[in-house]
Structure formats: structure tokens, C-alpha cells
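Please read the structure below before turning to the comments.
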Amino acid sequence: MRRHLWLLTLLLPVASCLAIYHSALRTWFFMDDYAWLGMWDEIHDLPSLFQTLFRPQAQGTVRVFSERIPFILFRAVFGIDVAPFRVLTFVTQFANIVLLALVTRELTRSRLAAVAAPILWVANSALLVPLSWVSCYNEVLFAFCLLGAFYCFLRHTATGDRRFLIAQWTLYLFGFGVLELNVLYPALVLLYTFCCARHLWRKSLPLFIPAILYTAIHFTFIPRSAGTPYRMFFDPASLFGMAWRYLTTGLGPTDLWMITGPIIAATLAFVLLRVWRRDYLPLFLLGWFFLILGPVLPLKNHFSEYYLAVPTIGFAMLAGYAFALSWRYRAWTGSLATLLAAVYAAGMIAQSQPVLEWRRVSSQRLRTLLEATAKAKERHPSAGVILLHDVSWDVYTAGFNDQPFRLYGLDRVFLTPTNYDSLDKSGQPLRGLMSYHISSGEAARALESGYALVLQPTANGVRNVTTVYKGIALAQYKPAPPTHIDVGLPSSESDLGPTWYPIENGFRWMPGRATVRMATPKLGERLYLRGFVPKMAVAAGPLTFTVRANGDVIGSAKYTRGDEQLALDFPFLPVAHGKDLVEIELSVDHTFRQGSDLRDLGLIFGALEIK
């Protein structure tokens, strides 16, 4: 009866999780989710399936079980629906809560600590992103693998049952397809044995073999990200600075030192007191926090609060242990611990709620815009270009960068020039904004030809404002040579040379040579090109692509693999003053033919922009 009652008490942290993060259940897809959803469209056969599952992406990650398989499987079965992802996330999190309680009870021999630890963990604001963002499911599943494997290790060493040993290895090996931090599990076990069971330290040694092999393969075959946010700094000042920042963020509400300060002081005092009494369990739990956090400390330019989701498990167990012991010692120490825990939880929950609500509202507004735009296109099938007007910063950041419109069959979606300028000058850089740019001249030509549809987002959908906007645009936009040309738009026809092939599904093929007339660049401006290199283009050997401006070569590129995006930019040579136009010539050193198509084909385009 007592055991059953204890299991029932685990419903309290589960209920707490639902109460705190209920708005996450109503949050739609967000940002990177749209890129991962697009993986299903890349699969055509077994080779493409294998490539999609195991091709390194997002800073060289290969998270097959936590990203690739869920997005591919759920998109194939349920379409664009977030509900299955939310069910998967919360079921996994509920399992984490139970595992955390079981591990805490094994370590502390206290049921009170086992109930308090998961409550304190779910209250931590570090969980708001993993539970509300599908792309961050890897943190939730990694917590399951880590807690599950460690619990099985504890039970195996306590009982000698080989089934727990097999379960530990299964979860441990599975974790390598979940998150790269799984390599830290052997170190976590070794730290535990040194602190609490030194006679078992040899049992951790076989666990290092897969970790070492995985690390060697990862650094040998997977390219490192060269971006500034992921540059690593190993100087002591940077490492200690990041450690302190994560510590103050994970142990209390941000910028509320009156709460966080006493919590940190009480935590360190408890650890020192227990170590003085030769109880090294608190030292292990504090080590859990810093060990799992260690690999991200060198990322000085990339602080992310959700990196704390798994490290704070150690702090939660430590706090639960302290909470239980405080009530065993004196009534006043128990009351003080309860007050400290309540203030911590209240501060963390108050901090997370506005962010959760913002994510829910902005993601749902983007969902409304996407679905309403798709329906508007169905009602106006002749509209080759869709111009969005009055898109807010919140809606844009909810996922525009990851091209969500393509999931709804919309390939030619742009922001109106005025909307583009307002977002560009907002003072907060927006990723991928250039892909929604259309020049005022190009927009005017598309409107004048009746080829454009202008939509304005509303609370319940979109409003067709084409007629109103057309009158304003044609009056304001002065005819001028284009600085941006999308060759897949009929309105660009007058700016293209005679050799381009007709439009096909929003793009054009070029033959061996094609030309475009654009505005004369200003000093310091560059030419940006976007297109696609098909695999057949390099079947006969490497393909050399050359760009000329008024007959002078300004750049070239060689392609050997094919089936890859063409994204280039080149500086202009000095252009003679007095000329309004510059002729851009695109050429390849050889062409190809495919099937019964007798055309000589080069590359697929695409857009060109002077900026």
C-alpha cells in the first residue's frame, strides 16, 4: 500500500508539468521545425532516404532518432500537424519525471526527495524551449536516455540482474543517435563511482569504448561549423564567465539576484556541509550539472538557456536531497527549505510564462497566415506571385527563415518592398530576409500585368488588398532598372536575354550561355546568385560556371557533385559612369540533354540580386 501511494505521488510532478507548460500543447511549429518537415519532400528512393537520415546538418549533427525519424515519419503519416509531436514530447517528458524520481530515490533513499526533485526540475525555465519547440525534442529524449541508462546501472549494481545491464547498454547506444552529449555518460558513471561507490569504478570503463569511437568518427568525417556563434574559446576568463552565467540562469530567475543569490549560497553551503560529513553524493549531483554543461561552455558567442535542460537534473536531485534532509533535521530548517523552493519555483514559472505565451501566439499567427495564403492561392490560381504586406517581426521570426511556404506548395512568395524595408530596418537582424525581397520595379511590373496577388495578414486569415496596393505601388514605384530579378517570374521577361528557356514550376533553365540586364551597381555592391546544379550537369565531368559583367569576368565556380544549391556572390569590377544598365552573362563550359528533351541544358535559376 505504501509503495502504491508513493507511485501516486508521482502524479504531482506530472500535473505540475502540465500546469506550467499547457500552452506548449497549443503551440504550432516554430522556426527550424519547417526545415525538418521539408525532409519528407527530399525522399524519393532508398538512396535519398539514407542520405536524408544520415547527412550531417545543423552544425554537423546527425540526430537520427530525435530529429530525422520523428519528422519524416509523422509528416508522412499525419501531414503538417503538430499534435503527434506534442504527444511524443510530453509522453517522453512524463517518462523522464518517473525516471528522475526513481533515480533520486535510489541515490538518496528518500521518497520525499524523489517527489521534490522532478517538481523542482519541471519548474525550471530551461525546459520551456524543449517542451514548446519540436526541433528541441532531442533534449527531452536525451534526458530519457541518460536517466534510463543511469537508473539501470544503479539497479544492476544493486541486484546483479543482467537485464538491467542489457537495458543500460541499449539506452546508452541508442543515445548516440539522439544527441552528441551522450558521449558524456561514461564520465557521469565514473564520477558517480568515485563519489559514492569507488569499488564499482571499473564497471564504467567499457562504456568509454563506444564514446571514444563515436568522438573519433564525428571529428574525422563530420565537418565542423565555421560560423562565429559556434567558435570555441578555451581561455579561463571565457570558460568561467560562461559557467557563472549558466549557473546563475539555471539556479534561479534571470536578473533576480535577490532570489538566485540565496539559492546559490544555500546550494554551495549544503554541498560543503555534506562533504565535510563525508557524504559525497551532493558533490556528484553538482558535478552532474557542470559535466553535462561542459561541452557548451567554450561557445562564448552562443548562450542558449535550453542547454540547461539536462544539466539542471543534477541540481534538481541535489535540491530534493537537501529538501528531504532539512525536514529530518529541524522544523525551522524544513520550513526555510520549503520557502526557498517555493520562491525558486514561483520565480522560474513567472519567468517562463510570457515566453511560452509569445511562442504560442506567434507560431499560431504564422500557421494562420500559411493556411490562409494557400487557400487564397487556390482561389486565384493564375497568380504567379504572392506579395505579403504588413508581416510583423514576431510572425517573421516564427519561421519565415526556414521557407515554410514551400510545404504548402507556394514557391513565389515575397514581402512587399515597403514591408521588406521596414523589417530590414527594424534594428534586429532577420535570417533569410533576402529570399523574400522583390524590387519595386519588379513588383510594379507583376502588379501591372495582373500576375501578382497582394495579401495582408489579419487575425483570422488574410485580406486581399491587391487593388488598393496596386494603385499605391504604381504611383510610388518609379520605373528603374532592376537590382533584383527572379527569372522564374513572367514579369522578368523583358530583362532577360533571348536564350533563356520558358518558365517551369517557378524556375528557368539556361543553356550554355544566358544574359540578364540589371541596374548598374554602386561602389562596393556585389552580385548574388541563387540556383541549382542538377546531377546530370556533372555526369560528363566537373562543370565550370562563369559570370561576366559587360564582358569582364567577375567570378567563377567549379561543381563536381551535383544535386546541390548554387549560392554565390561576386564583387563587380569598376563600371563606367553614365550607364544605366549592366549586362550579366552566365555561362557553363558544357551542357547536357536529358531523356527525350532535345534542349541543351546548363543550370537552373533562380534569382539574381545586386546588393
(message) Here are the criteria: (1) open to solvent by less than 50 Å² (accessible area, probe 1.4 Å); (2) closer than 27 Å to residue 19 by Cα; (3) among the aliphatic types (A, V, I, L, M); (4) at pLDDT 90 or above. Tell me which single one residue 286 does not satisfy.
(response) (2)
(message) Anything in the range 162-183 that is farther than 19 Å from residue 307 by Cβ and touching a Lys or Arg at 6+ places or on another chain (Cβ under 7 Å)? List them, or say none.
(response) 164, 177
(message) One residue is enough: does the range 365-373 have a residue meeting the conditions open to solvent by 20 Å² or more (accessible area, probe 1.4 Å) and within 24 Å of residue 114 (Cα to Cα)?
(response) no
(request) Among the residues of the range 18-37, count how many are under 28 Å from residue 402 (Cβ atoms) and either surrounded by fewer than 17 Cβ atoms within 10 Å (Cβ to Cβ) or more than 15 Å from the chain's Cα centre (by Cα) (or both). (result) 8
(message) I'm told residue 360 meets every condition in (1) surrounded by fewer than 15 Cβ atoms within 10 Å (Cβ to Cβ); (2) touching a residue at least 24 places away in the same chain (Cβ under 8 Å) except one. Can you identify the failing condition by its number?
(response) (1)
(request) Give the residues of the range 568-602 that are over 39 Å from the mean Cα position of the chain (by Cα) and more than 27 Å from residue 535 (Cβ to Cβ), sorted by residue number. (result) 574, 575, 576, 577, 578, 579, 580, 581, 582, 583
(message) Among the residues in the range 380-403, are any outside any helix (DSSP H, G or I), of a type in the set (Asp, Glu), touching a strand residue (DSSP E or B) at 6+ places or on another chain (Cβ under 9 Å) and surrounded by fewer than 16 Cβ atoms within 10 Å (Cβ to Cβ)?
(response) no
(request) Specify the residue that is least open to solvent (accessible area, probe 1.4 Å); the eligible residues are those in the range 463-499 that are more than 30 Å from residue 604 (Cβ to Cβ) and β-branched (Val, Ile, Thr). (result) 465
(message) Six or more apart or on different chains, Cβ atoms under 7 Å: show the pairs whose first residue is in the range 33-52 and modelled with pLDDT under 85 and whose second is crowded, with 18+ Cβ neighbours inside 10 Å and charged (D, E, K, R).
(response) 52/68
(request) Give the residues of the range 6-47 that are part of a loop (DSSP other than H, G, I, E, B) and among the polar types (S, T, N, Q), sorted by residue number. (result) 27
(request) Please note which strands (runs of 3 or more DSSP E) are completely contained in the range 455-567 and include at least 1 residues that are touching a residue at least 40 places away in the same chain (Cβ under 8 Å) and within 31 Å of the chain's Cα centre (by Cα). (result) 462-464, 484-486, 507-509, 526-533
(request) Please find, among 589, 597, 580, 552, the residue that is of a type in the set (Asp, Glu) and touching a Pro at 6+ places or on another chain (Cβ under 8 Å). (result) 580
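The values are calculated or read from the model by the stated rules, or taken from the named source; none is laboratory data. Remember, it's a predicted structure, so these values are computed and weren't measured experimentally. Here Cβ is always computed from backbone atoms with ideal geometry, including for glycine, and neighbour counts include all displayed protein chains. SASA here: full protein model, heavy atoms, side chains in, ligands and nucleic acids out. Shrake-Rupley method; radii C 1.70, N 1.55, O 1.52, S 1.80 Å.
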